[in-house]
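Beneath this line is the structure, given in structure tokens, with notes to follow.
The values are calculated or read from the model by the stated rules, or taken from the named source; none is laboratory data. Worth saying up front: this structure is predicted, and the values here are computed from it rather than measured. Ideal geometry is used to build each Cβ from the backbone, glycine not excepted, and the neighbour counts take in all protein chains shown. Accessible surface is based on the protein model in full, side chains and every heavy atom, while ligands, DNA and RNA are left aside. Shrake-Rupley method; radii C 1.70, N 1.55, O 1.52, S 1.80 Å.
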Amino acid sequence: MIFNFNWGLGGVLVPLLLILAFSSLRVLREYQRGVVFQLGRFWKVKGPGLVLVIPGIQQMVRVDLRVVTMDVEPQDVISRDNVSVKVNAVVFFRVVDPQKAIIQVEDFLMATSQLAQTTLRVVLGKHELDEMLAERERLNLDVQQILDAQTDAWGIKVTNVEIKHIDLNESMVRAIARQAEAERERRAKVIHAEGEKQAAVALLEAAQMLAQQPEAMQLRYLQTMTQVAGDRASTIVFPLPMDLLGRLLDKERPAATERP
């Protein structure tokens, strides 16, 4: 009877030990780490590969080390110039210290999401609307640096922040369009005035050069007459300069006085 009892007990213990051995084995992938607690206290971080966890004495929490892409919900932001906009962004971060990510914060994903929302509102609220639209890269960097500094205590590294959309209401869109149109008209008027100024300077220089050389003025008159004479469909009265007529008359007078 004793032999049968021991054999029966052994037949029960062996399967239990096998089940216990298999249940104590964990396989962690290359991008996973296991934070192991022994009797409720932190013991060590294990992985990747095959990990042994003693049931009932040790507990393990898996942590993913891959980059997490988190979409920040649209936030109502009031800019420094009192313009209300909706802004959403995307945050890229990863766990660099599994121990801190599990021990220092209850849910690091939720905590990072909430912190990203508040930081986005605070940072963008310090800038005017024009800066939000034109200097998005600088704003991305500001938000990323603030998030990275605050999540460092949680063992999280924020690698990048990208503002995706800045939504304006229709009235503000129309106002910006009118402002852009007025700016284009102003630039056109400035360019036109600058062209008139340059043309006036060029005409003044040309007039000064022609005044110094009267023969050049006469050649200019002849050239103009040649160009106008090409059109035979109209009659043109072209004034001659008095200095040119005076020189011609002066040449004719000596010839007339020499005749007997």
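Just one of the listed residues (66, 80, 62) is of a type outside the set (Asp, Glu), over 26 Å from residue 107 (Cβ atoms), in contact (Cβ under 8 Å) with a residue 12 or more places away in the chain and open to solvent by 40 Å² or more (accessible area, probe 1.4 Å), and it is 80. Checking region 148-160 against the condition returns no match, with no residue being among the acidic types (Asp, Glu) and loosely packed, with under 14 Cβ neighbours inside 10 Å. Annotation note: of 143, 85, the sole residue that is surrounded by 20 or more Cβ atoms within 10 Å (Cβ to Cβ) and assigned to a strand (DSSP E or B) is 85. Does residue 46 satisfy being among the charged types (D, E, K, R), touching a Lys or Arg at 6+ places or on another chain (Cβ under 8 Å) and farther than 18 Å from residue 143 by Cβ? The answer is yes for residue 46. In the set 61, 87, only one residue is among the aliphatic types (A, V, I, L, M) and under 19 Å from the mean Cα position of the chain (by Cα); that residue is 87.
One line per residue, one yes/no per condition, for (1) of a type in the set (Lys, Arg); (2) touching a residue at least 24 places away in the same chain (Cβ under 8 Å); (3) in contact with an Asp or Glu (Cβ under 7 Å, 6 or more places away or on another chain):
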| residue | (1), (2), (3) |
| --- | --- |
| 85 | no, yes, yes |
| 90 | no, yes, yes |
| 93 | no, yes, no |
| 96 | no, yes, no |
| 104 | no, yes, no |
| 109 | no, yes, no |
| 121 | yes, yes, no |
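Would it be correct to say that residue 138 is more than 17 Å from residue 73 (Cβ to Cβ), assigned to a helix (DSSP H, G or I) and modelled with pLDDT under 95? The answer is yes for residue 138.
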